1. Quick test for you: out of A:122, A:131, pick the one residue that is closer than 29 Å to residue B:104 by Cα and modelled with pLDDT of 95 or more.
2. Can you tell me which residues in segment A:116-143 are more than 7 Å from every other protein chain (Cβ to nearest Cβ) and open to solvent by 10 Å² or more (accessible area, probe 1.4 Å)?
3. Considering only segment B:24-38, state which residues are more than 7 Å from chain A (Cβ to nearest Cβ) and open to solvent by 40 Å² or more (accessible area, probe 1.4 Å).
4. Taking segment B:96-114 on its own, how many of its residues are more than 7 Å from chain A (Cβ to nearest Cβ) and open to solvent by 10 Å² or more (accessible area, probe 1.4 Å)?
5. Out of segment B:151-186, which residues are open to solvent by less than 20 Å² (accessible area, probe 1.4 Å) and part of a loop (DSSP other than H, G, I, E, B)?
6. So which of A:11, A:93, A:19, A:58 is closer than 26 Å to residue B:127 by Cα, at the interface with chain B (Cβ under 7 Å from one of its Cβ atoms) and surrounded by fewer than 23 Cβ atoms within 10 Å (Cβ to Cβ)?
7. What is the number of the single condition among (1) without any contact (Cβ under 8 Å) to a residue 12 or more places away in the chain; (2) facing chain B (nearest Cβ under 7 Å); (3) open to solvent by 30 Å² or more (accessible area, probe 1.4 Å); (4) closer than 30 Å to residue B:169 by Cα that residue A:146 does not meet?
8. Residue B:106 - would you say it is under 17 Å from the mean Cα position of the chain (by Cα), closer than 28 Å to residue B:159 by Cβ, in a helix (DSSP H, G or I) and modelled with pLDDT of 95 or more?
Protein chains: 2
Amino acid sequence: MSATEPVADNGVNVEHLLGARTALTDAPEAAEFTWRATTEWVRGTRTQTTIEDYSGLGEKHSHKAEFSYTGDHPEVFASEDNGPTPVEFVLVGLSTCLTAGLAAVAQNRNIQLNSVKASIEGDMNILGILGADPEVRNGFNDIRVHFDIDADASPAEIEALVAQSQKRSAVFDVVTNPSNVSVSVN
Amino acid sequence: MSATEPVADNGVNVEHLLGARTALTDAPEAAEFTWRATTEWVRGTRTQTTIEDYSGLGEKHSHKAEFSYTGDHPEVFASEDNGPTPVEFVLVGLSTCLTAGLAAVAQNRNIQLNSVKASIEGDMNILGILGADPEVRNGFNDIRVHFDIDADASPAEIEALVAQSQKRSAVFDVVTNPSNVSVSVN
């Protein structure tokens, strides 16, 4: 980089991430993370979920604070709408993953971001979850994410940021590919 | 039901849901829902996501309140840990979906729930998202949900509640099966 080239500052410590990539390649067991949450049923479709700790780099870590989320169903389902539906939490996960990833990729490419907004929509036919039509799936039929990005870069460079963010996104992978889920009781 | 049989009250309006199933089977276009969220990049890996409205039953509905969520990456990734990671929001969605669904199924089967707790864990090897090993996926390798349930029912009936909740869960479907996601920019 020449002395006159501007240095982007998106607030992402890319040097640390590149260092971690090297270190974890040499100690792959430290790269095994486990993320956790606990959900308590309140009443009706209302739930309270807390996130406190996770494991990685060979040990358990506490988040800086406990994060707590109310979930519910809306009034059109005869519920109280005390919080978003479960599927809306998945949309939060997907759009935050693509947006945070985009900031990391931009930093790595020395592209200054000025503003990023992601609008996400997921279509779902509720005949699936109601058990009314066995041909209709329970989950999303289609999800659309639209980015509005202001960055010191060409349109082609901005498109490439979005593409690379998808390529490295954990939640994009979870939503577009199958994952194994095992459920046990008592 | 005989006059002496106890009537479960889990706070779920099952009559409404069964009525909706009949009504929507006769007017299937009303069953098409769209859920939405908007994510703004703050700085670094920190994002702020708001959920305000959704469409269904042929019109747009506002949630009772605007719901707003901070997402971030943890300090071990050289971030500030102002909120959970995107993948933890997915865990919130999955465990709230299975738990709320369980309450609805229990109500429909006239089973009184006393308490329900779901503990969820997702394993992820971060060599995937770091781009360090092309053989490692970005998302979860394995997700485990464990329910502790106190209900006025036999162990077999409780196991059947958990199984039926999975069968009708929108987020269980999203996580265990692929969904189409399209991403556009500007």
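The values are calculated or read from the model by the stated rules, or taken from the named source; none is laboratory data. Note that this is a predicted model, so its numbers are computed, not measured. With ideal geometry, Cβ positions are generated from the backbone for all residues, glycine too; neighbour counts draw on all protein chains shown. Areas reflect the complete protein model, heavy atoms only, side chains present, ligands, DNA and RNA absent. Shrake-Rupley method; radii C 1.70, N 1.55, O 1.52, S 1.80 Å.
1. A:122
2. A:133, A:134, A:135, A:136, A:141
3. Across segment B:24-38, the qualifying residues are B:26, B:29.
4. 9
5. Those that are open to solvent by less than 20 Å² (accessible area, probe 1.4 Å) and part of a loop (DSSP other than H, G, I, E, B): B:169, B:179.
6. A:11
7. The number of the failed condition is (1).
8. no
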